Amino acid sequence: MRTTLLLILVASCSSSHAGAGSDGGSAAGPDAEMSRPGPPGPPGCGLDAAAFCDTFDAPTAGGGREGDLDPKKWSIVRTEQAALGGDATTIGDHVIPVGTATLPTCRTGVPAQVVPDQDILICDTTDTLQSNTLMVAVAEQNYGQIAARIRQPFDFAARTGKIVFDATLSPSGLLGWVALDITEDPIGAPSYLRVQNEENGPLPRNALEIHFDQNCQVEDQVSVNYIIVITNYVHNIIEVSNDQRHCVTMKPGQLNHVEVDVSTGHVAISASPASDDGVTFAPVEMLAEQDISLPFTSGYVQLSTYNHASVKYSTDHDIDAYVARFDNVGFDGPVLPVEVAAEVPNSLTAATVDAGSIFTTAVNLGYKLGDLGTSGFSPSLSFTPIDLTGAHSAQLTLIWWSLFPSYNGGQGDVSTYELDYRLNGGATHTFRPTADQLAFIATQLAAQQPVGGSLGLRLDVDLAELVSGANTIEFATTNVPTSYPPAVSNLDLLVSTQ
């Protein structure tokens, strides 16, 4: 408790029976239902009325993709563009593979090295962190990310909302850093595209991103380097200049307290200097503020931890993971309904580690897909059980990777790519990249800018095709290159009861 690059797109789509997906476009549908005002919450996380607050006091039993976090409150998404620092996501037996992460002190019984899903941990106190904290250990290399998304929406319609959190704002440049994201859609691991290798994560349809980095010309200080507004996949990267930013002290492994005030037209980011004990903080100081124009008024708060390329850029090429800690995460506003969720577990099959790698073990996150006409549907995947009592609507979210024309010499016409799927052995549905996605891809290619191969998808699901309990899903592709097999990962089934 506290006392004071490559382009990756996210689609918001509806799916059709044996037809093409259509662009969801607006906040109509389930999101509109979820954004109805609710009452304010009780005090928490330093807020007078916290709509959401998590102080990470103890691990939640059960495991799964969320590790020690409560899966009713949080969704964890892991992404990686290159296989263990290599050049492809699905080469050989690799299907988005992640190697071992070496941990600092956490708690008794936790091993010195972990792989997913053990990389999300609630840790005991230390001398400099006198409150339990959330530890995120990101071994996803070149260029990887773990994002912790709060399942409860954050509503800032017609007001300035406040988000608070404590974090180790001790970035290491090309090794890794921390970001705060607000996305309109409930799809994890939002990121951005700037140049060929920065930063490659899923590009959301509409979002606000705030990236913290060591850009103060002083080794022990930190500030905001990017404020990014993304509208229909087109992103405006505002690089905060030296004369517009203020810096505060940071210390590796110690917490700063952060406050973000956001409306549709303005964002202001403040932080305290690093705390010596993790529970008492000096007053916050304004780091940066910016007029913006957000196309949404309710979205999902995500804490993102990036590993840009820790092995490549560490002095002795021996840092296998970028590690961040968080505490007292919350936001104010109306208390909105929380989605009911089921998920397909990470595959966690063994992945080959090349000779000479610093990694001793690696596991896969995703699942390879075949061509529908050649090999049919891949083996079915099972969601964790879900209760459909009172269900109002349902959506499927996932990340789909495939070889795009400008990636690794790939050829093809993305407009003809199809992701085919069926639930519980029922009717076949087909998703094709949306008009907004294709327009942005065309713009990138015309400017000779990189275009990557990951699409974050949100697909409407007919409740009649679901059952209470465990549901299954099968996938295939059509017109998609298979020289590097396409793959899916981070699958969630989201049900609204409001």
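Listed values, structure above:
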item: HN-Hα J in Hz across segment 313-322 - Karplus 6.51, -1.76, 1.60, θ = phi - 60°, x for Gly and Pro; result: 9, 6, 3, 9, 6, 10, 9, 7, 8, 9
item: Net charge dipole size for the chain [Lys, Arg +1 and Asp, Glu -1 on Cβ; Debye, nearest 20]; result: 540
item: Linear extension gain, residue 349 paired with residue 442, 0.36 nm per residue minus alpha-carbon span; result: 29.9 nm
item: Rounded percent of accessible protein surface that carbon and sulfur make up, segment 235-376, 1.4 Å probe; result: 51
item: Normalised convex hull volume, segment 232-282, alpha-carbon set, Å³ per residue; result: 137
item: Cα principal axis extents for segment 429-498, largest first, Å; result: 48, 32, 19
item: Residue 159 long-range amide H proximity, modeled H, under 5 Å; result: 264
item: Rounded accessible area per residue of the chain, 1.4 Å, Å²; result: 34
item: Fraction of accessible area attributable to carbon and sulfur, segment 90-233 (%, probe 1.4 Å); result: 49
item: Diffusion constant of segment 370-438 at 25 °C, which comes from Stokes-Einstein with the Kirkwood Cα-pair radius and 0.890 mPa s, µm²/s; result: 164
item: 3J(HN,Hα) from dihedral phi, segment 323-339, Karplus parametrisation 6.51/-1.76/1.60, rounded to Hz, x for glycine, proline; result: 10, 10, 10, 9, 7, 6, 8, x, 8, 9, x, x, 8, 8, x, 9, 4
item: Over segment 347-401: Rg over Rh, Cα atoms, Kirkwood Rh; result: 1.12
item: Computed [θ] at 222 nm, deg cm²/dmol, the chain (DSSP H ≥ 4; -39,500 (n - 2.57); rounded to nearest 500); result: -1000 deg cm²/dmol
item: Column: log10 I(q)/I(0), Debye, Cα scatterers of the chain, q = 0.07, 0.12 Å⁻¹; result: -0.33, -1.06
item: By average C-beta atoms within 10 angstrom, highest first, the peptides 270-281, 100-111; result: 270-281, 100-111
item: Shape call, segment 42-122: gyration tensor on alpha carbons, a/c limit 1.5; result: prolate
item: Using θ = phi - 60° and Karplus 6.51 cos²θ - 1.76 cosθ + 1.60, couplings along segment 52-69 (whole Hz; Gly, Pro as x); result: 9, 7, 9, 9, 6, 6, 7, x, 9, 5, x, x, x, 4, 7, x, 7, 7
item: Dipole of the chain [Lys/Arg +1, Asp/Glu -1 at C-beta], most positive-end residue of 160, 84, 479; result: 479
item: By average C-beta atoms within 10 angstrom, highest first, the peptides 360-373, 174-187; result: 174-187, 360-373
item: Sequence of 267, 338 when ordered by accessible area, the most exposed leading, probe 1.4 angstrom; result: 338, 267
item: Residues with amide H under 5 Å from that of residue 250, placed H, sequence gap 5 or more; result: 221, 222, 274
item: Distance between modelled label sites at residue 388 and residue 244, nm, 7 Å Cα→Cβ extension; result: 4.9
item: Listed peptides 139-147, 468-476 by packing density, highest first (mean Cβ within 10 Å); result: 139-147, 468-476
item: Segment 164-266: equivalent-ellipsoid semi-axes (sqrt of 5 x gyration tensor eigenvalues, Cα, Å); result: 23, 15, 14
item: Amide hydrogen neighbours beyond the local backbone of residue 491, cut-off 5 Å, H modeled; result: 344
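The values are calculated or read from the model by the stated rules, or taken from the named source; none is laboratory data. These numbers come from a predicted model, not from an experiment. Heads up, the Cβs are rebuilt from the backbone with ideal geometry, glycines too, and the neighbour counts pull from every protein chain shown. Accessible surface areas use protein heavy atoms only, side chains included; no ligands, DNA or RNA. Shrake-Rupley method; radii C 1.70, N 1.55, O 1.52, S 1.80 Å.
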